[in-house]
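One structure below.
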Amino acid sequence: MNRLYNKFSIGAEKPFTLIHFSDIHLTETLPGDDEKLKELAAKRRLKYTFSETVLEEIEKVNNETDGLLLITGDMMDFNSLGNFEKIRRFTEKNNCLFVAGNHDFRLFGGMEYDVPEMRKRNLPAVQAMFRNDIRFFSKVINGVNIVGIDNCYYRFEEYQFERLKEEAKKGLPIILAMHVPFYTQETYDLVVRGKRKYASQICVPEEKMAEYPPERYLQQKEDKITREMYEYILNEKAIKLLICGHIHKNCETVIQSGIPMIITDVDTARIITII
């Protein structure tokens, strides 16, 4: 597992450490899982070869740094008894915050499953593995408010917008954790190459979406609430840092208003010192 190190001065009362990882895509199954699911797991394991040992590596990093684990989604590749059991054992032993990713609600993979109806159906089982609310959480550490928001289907919801505004009223510096990153030219260029014609990011400019496949355009085009919340985040002075995953790249950039945004790849532990 690669290790990257960052330090951000955002007004913490005393320094603390976040260990960020994302998109490890566990592919575990148990005898009680469907045979088709076991076949899928065998194929997907060829892509995510590190997934069997990554949790042990993360625990090693955690023991060395004594930080708080921050997971921005896609901890598992699909829903299975095996994945549920492995994640449950991990979260029982480790202090972590988790915000959902699109794969965390998938049954057999494929874009057709990345719809809110799938999340609604599978949310209770996924939520049961974690101590915090995986759709919206707030945790204050040393005077810094870590806020996690589920945007795994490229949109925000009105209740999330209202809750974020309430968190901002506390007057604390905010670290915003999400699965899907915001558009920047840098992140767009990292993803859209060769045959890949869609960026898998939030609030991509309309002209940049001209070559998106129709189904990806419909999936990733923001709605009214998402645009309003995006503009709010750009201009909210309390928000000091964005931490994301999803695009399977390591990137350190800034969004339009100058807020730093860091994205962590599938095989990387990012050790972030907050001061």
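Assorted remarks:
- Odd one out for residue 132 among (1) closer than 19 Å to residue 247 by Cα; (2) open to solvent by less than 70 Å² (accessible area, probe 1.4 Å): (1)
- Enumeration of residues in segment 80-113 that are in a loop (DSSP other than H, G, I, E, B) and either buried (at least 19 other Cβ atoms within 10 Å of the Cβ) or modelled with pLDDT of 95 or more (or both): 80, 99, 100, 101, 106
- Pairing residues of segment 29-50 that are closer than 14 Å to residue 106 by Cα with residues that are assigned to a loop (DSSP other than H, G, I, E, B) and among the acidic types (Asp, Glu), at Cβ distances under 7 Å and at least 6 apart in sequence or on separate chains, gives 44/77.
- Answer residue from segment 233-249, given it is touching a residue at least 24 places away in the same chain (Cβ under 8 Å) and among the basic types (Lys, Arg) and is farthest from residue 202 (Cα to Cα) among those: 240
- Residue 71 out of contact with any His (no Cβ under 6 Å at 6 or more places or on another chain) and in contact (Cβ under 8 Å) with a residue 60 or more places away in the chain: no
- Condition check for residue 123: under 23 Å from residue 162 (Cβ atoms), touching a helix residue (DSSP H, G or I) at 6+ places or on another chain (Cβ under 9 Å), in a helix (DSSP H, G or I) and aliphatic (A, V, I, L, M): yes
- Segment 62-76, residues that are within 13 Å of the chain's Cα centre (by Cα) and assigned to a loop (DSSP other than H, G, I, E, B): 72, 73, 74, 75
- Scanning segment 1-53 for residues that are assigned to a loop (DSSP other than H, G, I, E, B), open to solvent by 40 Å² or more (accessible area, probe 1.4 Å) and under 21 Å from residue 239 (Cα atoms) gives 9, 11, 13, 14, 15.
- When segment 141-181 is filtered for residues that are part of a loop (DSSP other than H, G, I, E, B), open to solvent by 30 Å² or more (accessible area, probe 1.4 Å) and closer than 25 Å to residue 95 by Cβ, the ones remaining, listed by number, are 142, 170, 172.
- Filtered by the rule that a residue be open to solvent by less than 70 Å² (accessible area, probe 1.4 Å), farther than 17 Å from residue 148 by Cα and not in a loop (DSSP other than H, G, I, E, B), segment 193-231 gives 208, 209, 216, 217, 219, 220, 225.
- Among the residues of segment 250-275, those that are farther than 18 Å from residue 154 by Cβ, of a type outside the set (A, V, I, L, M, F, W, C), in contact (Cβ under 8 Å) with a residue 12 or more places away in the chain and not in a strand (DSSP E or B) comprise 250, 257, 264, 265, 267.
- Scanning segment 230-265 for residues being out of contact with any strand residue (DSSP E or B) (no Cβ under 7 Å at 6 or more places or on another chain) and either closer than 18 Å to residue 192 by Cα or of a type in the set (Ser, Thr, Tyr) (or both) gives a total of 5.
- In segment 232-249, the residues that are open to solvent by 50 Å² or more (accessible area, probe 1.4 Å) and in a strand (DSSP E or B): 240
The values are calculated or read from the model by the stated rules, or taken from the named source; none is laboratory data. Keep in mind it's a predicted model, so treat the numbers as computed, not measured. Cβ sites come from the backbone with ideal geometry, for glycine too, and all protein chains shown count toward neighbours. Accessible surface is based on the protein model in full, side chains and every heavy atom, while ligands, DNA and RNA are left aside. Shrake-Rupley method; radii C 1.70, N 1.55, O 1.52, S 1.80 Å.
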